[in-house]
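Q: Here it is: the structure, laid out below.
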Amino acid sequence: MSLGKVGWSLLLLVGLARLNEMARAAETGESLPEEEAVDVEEEDDDEEEEEKEEDTEVKEDNGVLILTDTNFETFTADKDTVLLEFYAPWCGHCKQFATEYEKIAKTLKENDPPIPVAKIDATVATSLAGRFGINGYPTIKILKKGQAIDYDESRTEKAIVDKVKEISQPDWVPPPEATIVLTKDNFDEVVNSADIILVEFYAPWCGHCKKLAPEYEKAAQQLSKRTPPIPLAKVDAIVETEIAGRFDVTSYPTLKIFRKGKVFEYNGPRENYGIVDYMMDQAGPPSKQIQAVKQVQEFLKDGDDVIVLGIFTGEQDKAYQLYQDAANNLREDYKFHHTFSSEITKFLSVTPGQLVVMHPEKFQSKYEPKKHLLTFKDSTTDSDLKEHVTKCMLPLVGHRKISNDAKRYTKRPLVVVYYTVDFSFDYKVATQYWRSKVLEVAKDFPEYTFAIANEEDYSSELNDLGLGDSGEEVNVAILDAGGKKYAMEPDEFDSDTLRSFVLAFKKGKLKPIVKSQPVPKSNKGPVKIVVGKTFEQIVLDPKTDVLIEFYAPWCGHCKALEPIYTELGKKYKTEEGIVIAKMDTTTNDIPNDKYKAEGFPTIYFAPSNNKANPIKFESGSRDLESLSKFVEEHSTKVGRRKVEL
């Protein structure tokens, strides 16, 4: 039916009125009539649906699929095999690999059936990167029915394609574990017969154990291919309580090395390559044979560390076997040598059956013997050897360096003299001049350790001591037990000023240096703020249990923890005798070496009745429930309150 001219005119007028109304609404900010508003809302809903579809849509880049946190599950759910590359846009290796990876995608797309090849930007898809434990780029994994299989072989097209095709076969099964499972039935037999074996004691529920497991298995696979192989084993300490108790296992994972049944501590890394390198080094002899006098002379002339040398008649010597055992216990801290040479014995004026500890010539002085001797007896134990070496490991005034600090200079009090330390030919005289001044004082204070240190190596430490801009050629500090530090007032350095400073310390007349932010004027929030000056007052208060978080403002994990930690503070704010606290360790010293922040965040619980032995939070899950459980497990206040109730 035709509208006619009048009808069309009316429709046109209504349309113009509507447009005029919409324009006026836009100018005045008024809402559209209800029916239009509904249409706009429906339009928004449609846009949201489109956005969701875009999020889960899998895009392609030169034949390689792009997976994200949003579309990963949807895409992989029904796939038998998927090749994954985790990359970072800035990674040079990833850029070099990109062309090869595109070739792999093309080849596998032509496979029957096609095998999808995908890449994941691990810097954006952080959830996936965390889930698959990505810590290097590029990382390649093959997903088989949802289970990730690590690929650590050649990054060539042929090698990767062959491996993916092998795993994609219907009858493919994962290779058996290289890690040996030990129980009460086979533990002694396996451990006692192995020249060397690494054993992990684990708990099935332990987060750190779960994190270690894939790295440990990779190391086991690699070391099993070595000639001779080095076995890796594991013990479920929750089930095998007798074995765990026999070796004093109280935390998880605990790793121990066994040599023909004798146990030694494992102090190495906990990732694949680190475990492999460490165990290959441990598998070698703990002591190297010295055959020529010239080698000893070179040690004395050019050496930079303590020289430990066992003198024996031959390998059948009983003392030699004892020496080997002791060397195995200390091999991480010292380089051990031995000799059967009569010429070396004569050169050193010693006799077979003696242990010689010496220092390079540059560290010798008239105030100390040139060599320290221990004579082996039938009653000598490896503990006696260890005591002798550790007692004599340092010269009267040694050279403290970044490389030897953790192994040589942990004893306190430590008197450190900072200046330009350089033992090269041109600067040796100046270096020894100042060192001779230190020797004159060190000989009178055998209870303290003295060392010289290059001021450039320890510029940060000098700044913390307030000595960075002292203007003096030589500066001095004393690092005491408990993390306390004392700085000598800038003055012209000589033996007398050093002696006065050390005597003042001995008499308790010095005031420690503590880097600290200003004390907060108000500290009534749910989480108490601790600064360097208030650490002892708050954290070491014997009347309160304190949970202390050491953090860095730039740390992403610390930022993520902040709201949870605040909630924890609110939870215990009304609990008498319990304090939830935090400390920015980038601007404050921790004036107690029992509380070490080696990463961020680090959390300790300091019980009111045992401040000297804080308990480190290591459960791995920093949620409110886990933190609350940690507090209540160790609190001396919550338990008492429950008993009273």
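The values are calculated or read from the model by the stated rules, or taken from the named source; none is laboratory data. If you're wondering where the values come from, they're calculated on a predicted model, not measured in any experiment. When we count neighbours, we look across all protein chains shown, and the Cβ atoms used for this are built from the backbone with ideal geometry, even at glycine. With ligands, DNA and RNA removed, areas are computed over all heavy atoms of the protein, side chains included. Shrake-Rupley method; radii C 1.70, N 1.55, O 1.52, S 1.80 Å.
Q: Working carefully through the options GLU217, GLU242, find the one that is closer than 22 Å to GLN282 by Cβ, open to solvent by 20 Å² or more (accessible area, probe 1.4 Å) and of a type in the set (D, E, K, R).
A: Of GLU217, GLU242, the one residue that is closer than 22 Å to GLN282 by Cβ, open to solvent by 20 Å² or more (accessible area, probe 1.4 Å) and of a type in the set (D, E, K, R) is GLU217.
Q: Only one of these is within 28 Å of ILE402 (Cα to Cα) and hydroxyl-bearing (Ser, Thr, Tyr): TYR323, TYR334. Name it.
A: Going through TYR323, TYR334 in turn, just one is within 28 Å of ILE402 (Cα to Cα) and hydroxyl-bearing (Ser, Thr, Tyr): TYR334.
Q: With LEU255, LEU223 as the choices, which residue is part of a helix (DSSP H, G or I) and open to solvent by less than 40 Å² (accessible area, probe 1.4 Å)?
A: That would be LEU223, the only listed residue that is part of a helix (DSSP H, G or I) and open to solvent by less than 40 Å² (accessible area, probe 1.4 Å).
Q: Being in a loop (DSSP other than H, G, I, E, B) and touching a strand residue (DSSP E or B) at 6+ places or on another chain (Cβ under 8 Å) is true for just one of ILE142, ILE115, ILE120, ILE160. Which residue is that?
A: So the residue among ILE142, ILE115, ILE120, ILE160 that is in a loop (DSSP other than H, G, I, E, B) and touching a strand residue (DSSP E or B) at 6+ places or on another chain (Cβ under 8 Å) is ILE115.
Q: Then there is this: Would it be correct to say that ASP150 is open to solvent by 50 Å² or more (accessible area, probe 1.4 Å) and in the same structural domain as ASN272 (by the TED database)?
A: no
Q: State the number of residues belonging to segment 409-430 that are farther than 21 Å from VAL502 by Cα and surrounded by 16 or more Cβ atoms within 10 Å (Cβ to Cβ).
A: Of the residues in segment 409-430, 1 are farther than 21 Å from VAL502 by Cα and surrounded by 16 or more Cβ atoms within 10 Å (Cβ to Cβ).
Q: Need the failing condition index for LYS145 against (1) open to solvent by 20 Å² or more (accessible area, probe 1.4 Å); (2) on the phi < 0 side of the Ramachandran plot; (3) out of contact with any helix residue (DSSP H, G or I) (no Cβ under 9 Å at 6 or more places or on another chain), just the number.
A: All conditions pass for LYS145, except number (2).
Q: Of the residues THR126, THR76, THR107, which single one is touching a residue at least 12 places away in the same chain (Cβ under 8 Å) and touching a helix residue (DSSP H, G or I) at 6+ places or on another chain (Cβ under 8 Å)?
A: Exactly one of THR126, THR76, THR107 is touching a residue at least 12 places away in the same chain (Cβ under 8 Å) and touching a helix residue (DSSP H, G or I) at 6+ places or on another chain (Cβ under 8 Å), namely THR107.
Q: Can you tell me which residue in segment 108-126 is farthest from LEU143 (Cα to Cα), limited to those that are within 36 Å of the chain's Cα centre (by Cα) and of a type in the set (S, T, N, Q)?
A: THR123
Q: Taking THR566 as the residue in question, decide whether it is outside the structural domain of CYS209 (by the TED database), over 22 Å from the mean Cα position of the chain (by Cα), farther than 17 Å from HIS634 by Cβ and not in a helix (DSSP H, G or I).
A: no
Q: Can you tell me how many residues within segment 165-200 are part of a loop (DSSP other than H, G, I, E, B), open to solvent by less than 80 Å² (accessible area, probe 1.4 Å) and farther than 30 Å from ASP80 by Cα?
A: Residues that pass the stated criteria total 5.
Q: With (1) open to solvent by 10 Å² or more (accessible area, probe 1.4 Å); (2) over 21 Å from LYS59 (Cβ atoms) as the list, and PRO114 as the residue in question, which single condition is left unmet?
A: (2)
Q: Can you work out which of the residues in segment 367-382 that are in contact (Cβ under 8 Å) with a residue 24 or more places away in the chain and crowded, with 16+ Cβ neighbours inside 10 Å is nearest to ASN329 (Cα to Cα)?
A: Among them, the one singled out is ASP382.
Yes or no, residue by residue, for (1) closer than 23 Å to PRO214 by Cβ; (2) assigned to a loop (DSSP other than H, G, I, E, B):
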| site | (1), (2) |
| --- | --- |
| GLU73 | yes, no |
| ASP78 | no, yes |
| LYS103 | no, no |
| THR107 | no, no |
| SER127 | yes, no |
| ARG155 | yes, yes |
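Q: While we're here: Within the set of pairs 6 or more residues apart or between chains, which connect a residue that is in contact (Cβ under 8 Å) with a residue 24 or more places away in the chain inside segment 622-635 to a residue that is crowded, with 18+ Cβ neighbours inside 10 Å and of a type in the set (Asp, Glu) with Cβ atoms less than 8 Å apart?
A: Partner pairs satisfying both residue conditions: VAL631/ASP545; HIS634/ASP545; SER635/ASP545.
Q: Which residues, taken from segment 578-616, are more than 16 Å from ASP541 (Cα to Cα), open to solvent by less than 40 Å² (accessible area, probe 1.4 Å) and in a loop (DSSP other than H, G, I, E, B)?
A: THR585, ASN588, ASP589, ALA597, GLY599, PRO601
Q: Do we find that PHE299 is among the aromatic types (Phe, Trp, Tyr), open to solvent by 30 Å² or more (accessible area, probe 1.4 Å) and in contact with a His (Cβ under 9 Å, 6 or more places away or on another chain) in this structure?
A: So PHE299 passes the test.
Q: With (1) surrounded by 18 or more Cβ atoms within 10 Å (Cβ to Cβ); (2) assigned by the TED database to the domain that holds PRO352; (3) among the charged types (D, E, K, R); (4) touching a residue at least 40 places away in the same chain (Cβ under 8 Å) as the list, and ASP317 as the residue in question, which single condition is left unmet?
A: Every condition holds for ASP317 apart from (4).
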